[in-house]
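Take a look at the structure set out below.
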Amino acid sequence: MKTPACEVDSRRFWLFRWLSRALPVLLLAGPAYAQTSPASAPQPGTVEQQTDEDPLGRSTPYGTVRGFLRAADAEDYARAAQYLDTRRKEAAAEKIARQLQAVMDRGLKANLDRISRKPEGDPQDASDTELEKIGTVATRSGKLEILLERVERRGQSPVWLFSSDTLALIPEASEELSGFDLERHLPRILVDTTILSFGIYRWIGSILAIALALGLAGLVTRAIVPLLRRLLRRFTDEEDGRALSSIKAPIRLILVGLAIRLFTTVTQSLTVRQFWMQVSVTVGIIGLAWLVVKSNYIFSEFGLRRLRSSRNLGKIAMYTLARRLFSAAVVVVTALLLLQQTGMDLTAILTGIGIGGIAFALAAQKTLENLFGGIMIITDEPMRVGDFCRVDNLMGTVEDIGIRSTRIRTLSRTVIAVPNGQLATMNIENFSTRDKFWLRHQIGVRYETSSDQLRYLLAGIRGMLYAHPRVERDSARIRFVGFGASSLDLEIFAYVGAVEMAEFLAIQEDILLRIMDIVAQAGTGMAFPSQTTYLAKDSPLDQKKTEEALTRVREWRERGDLPFPDFRPDLAGHPSERIEYPPTGSSLRSDPGSREGK
């Protein structure tokens, strides 16, 4: 007893729907090509709502193509003819439907999931907004475009039908594309017996093709890995057989996807071809993403080894973070591509991700602040692991620069964790990066020291600084800088060629001891806070010098030359007596008469 066509179509619909949900999980494949159910009849007891949905699903271009293919695959050509814009009689219409199926199965180049699901279609597919281009078929006379046309009928909503212009060219194209029909040469049991609406011979062919693809992929992988090992040794001077072995599986998966893609070119059913083509694309995307993640791991491991060998420990955390973020980005992009293969609109998904990202950023503001602070510290390198630094009022050695915080061991041997977000805004003084030490001291000698003794002292210390092999000559100086409360103050300034604190302290100690020797040789001594009481007979003032000073001031007053509060403008730049500088006897004087013996 023959099953009614409507029941067969309903069964095929539910099988396609189950296939669309089960096969992506079982076969790591893309979507099964199952069209959602046409507008179903209202349930008893409910109020029927006004709808523009066509009962045959012809309200959208996608629904028309899917409905036609389902009816044609079920050999229900009477139903398939309802998707054609033709006025032919039933027998002729069913014949043209059969011919259209043959042309689409054998020569149509199109991605059915890209067909518009909007009632108005996609205006970009054709210059006429009432036409929708499905794909092209290569014929001897040129490319035959398969077009849908939006048809408005009296009292009905507009529907999409296969264009009458396209149908006029179908008989000739069908005759041209008619070739070897595999089903005619197979036992009828293999053709008539179906599993999930597909002939058993197709399942056998698919299984054999996948097995053949796996075998060929294994052979090709064995040939590729030695070549990759040579390239790795050439560009990185390293070889890691275990790491390269880990990429065999993703390469094999990519090759399986390519083999499935080649297999789809010989299939005679458009539905089967589209399904396996999406399976190959899905497998290829997963395999490529897997290969990128594995390659990222391999090359990042080589980079980490070099960082460890060069003791550049500060960048290890950054390197590890970059590797993980890149792998996460590959996974997200792969997921979006797989969702796109199912025909889903990514606009809503990306919008949701954007809103969720904003909410996450607001909730994890401090965490992100520390994360980016750590990235800036690692990339800018104001300090590295092992450096001795001062961070505000904190001094210590950097032990670890992490993603969230930096650990510093203080001079009291405790460990303080400073959040990177705060550390990025602090003043960091890195003592480990200086190239020389600053030697700066102020010493005081006793007030009993005479001016010539002080000159001898200054010359001796200056000569010692110039002669010291670890003191930078151009920066060395010692000057008499002032009269202190209980001492004559001398300032010593110089840069010492040392990079380690212990080395500098030893050089500084040597210099200070030599200064003490020079002070002793000058016949004076170091001053210390004190008060000296002198007991002496009071001598009267010199009456003669007092009268001379008073007379001189009286003359200034009478002439109007009293230099208070300042000199007269015409005398300010020309004082009556000029001071000689450098003083007489200085080695810097250029006149020979100022030197002794000349």
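The values are calculated or read from the model by the stated rules, or taken from the named source; none is laboratory data. Note that this is a predicted model, so its numbers are computed, not measured. With ideal geometry, Cβ positions are generated from the backbone for all residues, glycine too; neighbour counts draw on all protein chains shown.
Yes or no, residue by residue, for (1) hydroxyl-bearing (S, T, Y); (2) in contact with a strand residue (DSSP E or B) (Cβ under 7 Å, 6 or more places away or on another chain); (3) modelled with pLDDT of 80 or more:
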site: A110; (1), (2), (3): no, yes, no
site: R114; (1), (2), (3): no, no, no
site: K133; (1), (2), (3): no, yes, yes
site: T136; (1), (2), (3): yes, yes, yes
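Within the set G373, G386, G402, G396, the sole residue that is within 13 Å of M426 (Cβ to Cβ) and in the same structural domain as N427 (by TED's automatic domain parsing) turns out to be G373. Whether a residue is of a type in the set (D, E, K, R) and more than 30 Å from M383 (Cβ to Cβ) was assessed, and R479 passes this test.
Can you say whether D128 is at pLDDT below 85, in the same structural domain as D105 (by TED's automatic domain parsing) and surrounded by 15 or more Cβ atoms within 10 Å (Cβ to Cβ), as far as the supplied structure shows?
Numbers: at pLDDT below 85: yes; in the same structural domain as D105 (by TED's automatic domain parsing): yes; surrounded by 15 or more Cβ atoms within 10 Å (Cβ to Cβ): no.
It is false that D128 is at pLDDT below 85, in the same structural domain as D105 (by TED's automatic domain parsing) and surrounded by 15 or more Cβ atoms within 10 Å (Cβ to Cβ).
Taken as a whole, the condition of being of a type in the set (A, V, I, L, M, F, W, C), surrounded by fewer than 10 Cβ atoms within 10 Å (Cβ to Cβ), within 29 Å of E448 (Cβ to Cβ) and touching a residue at least 12 places away in the same chain (Cβ under 8 Å) does not apply to F493.
Results for (1) more than 27 Å from S300 (Cα to Cα); (2) outside the structural domain of N111 (by TED's automatic domain parsing); (3) at pLDDT 70 or above; (4) in contact with a helix residue (DSSP H, G or I) (Cβ under 8 Å, 6 or more places away or on another chain), shown as yes or no for each residue.
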position	(1), (2), (3), (4)
I224	no, yes, yes, yes
R233	no, yes, no, no
E239	no, yes, no, yes
L244	no, yes, no, yes
R252	no, yes, yes, yes
V266	yes, yes, no, no
L270	yes, yes, yes, yes
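Within the stretch 78-102, can you find the residues that are without any contact (Cβ under 8 Å) to a residue 24 or more places away in the chain and either outside the structural domain of E132 (by TED's automatic domain parsing) or under 20 Å from L270 (Cα atoms) (or both)? Result: A80, A81, E94, K95. When A502, A498, A485 are screened for being assigned to a loop (DSSP other than H, G, I, E, B), within 30 Å of D380 (Cβ to Cβ) and not assigned by TED's automatic domain parsing to the domain that holds R404, only A498 passes. Kindly provide the set of residues from the stretch 404-455 that are part of a strand (DSSP E or B) and under 30 Å from F528 (Cβ atoms), ordered by number. The answer is F437, W438, L439, R440, H441, Q442, I443, G444, V445. Taken together, the residues in the stretch 414-445 that are loosely packed, with under 15 Cβ neighbours inside 10 Å and more than 37 Å from the chain's Cα centre (by Cα) amount to 4.
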